[in-house]
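Each value in this text was obtained by applying a stated rule to the coordinates, not by laboratory testing. Owing to the predicted nature of the structure, the values given are computational and were not obtained by experimental measurement. Positions of Cβ are backbone-derived with ideal geometry, glycine not excepted, and every protein chain shown enters the neighbour counts.
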Amino acid sequence: MRFSFQGIMFIGILALITGCNGTAPKVVEDAAPGVLACSVGDQSAGRVIQVEVWRGREDNLSEYRMARVCQRLLEVSQQLLAQGVNLRFEVLGAVQIHSGLGRANNHLMQSIQATQGKLKLVIVDAIAQCGDAAGYILGCTPQLGRPVLYAKKHDPNNDRAPEWVIWAHEMGHAAALYHPDAPGMVTVPERIMTYMPCRNRRYWPTMSLLVLRNWARL
């Protein structure tokens, strides 16, 4: 499921104005495979989502070090907490660097497998396709309900939304959520892909609290 420029232009501008700030998390940049690199969110939360991070080998993706990844996941967890969803992200191992991830297409995205019990976040230079969609695509979850999501390198001058919004939107698809306007979807506010960036702010079409309350099963 894609996240396009047109679909987020309006909400992204407002999110830039109303977004919340957080303290930088403690990070181990070069953690060994399976070793905790960072734990972000409420440390007393019973729901824990373990995350593996891949990125392409391209030079312009080198900024995606563990500190940046953990900061973005912290932002996602903070915004969820404002809606009453209490969970924690645990990133395991260092950011894995792989060749062939510069420009993602359907074939590439279907070839990368999920890891049992973990969410896999793949950072690429560009996303050329996402199912039937093409164009300026910010993120893609190739298969609804499958915990593998792709996000392109963030461009603050053109993407018009904070990076955490894009990641959160794709996480909703990984948790088997459609867009609110999907055919046959009943757009009841509590059940569509909704999200409140800060307390007392308006809702955004990014993810469902109902599903994420049980998301640690992924």
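Please give the net charge around GLN96, taking every other residue with its beta carbon less than 10 angstrom from that of GLN96, where Lys and Arg add +1 and Asp and Glu add -1. Intermediate results must be reported in sequence, preceding the final value.
Values: positive: ARG55, LYS120; negative: GLU52.
Once all neighbours under 10 Å are counted, the net charge is +1.
Cα to Cα, under 19 Å, and not fewer than 8 places away if on the same chain: which aspartates and glutamates meet these conditions relative to LYS26?
Correct list for LYS26: ASP42, GLU52, GLU63, GLU75, GLU90.
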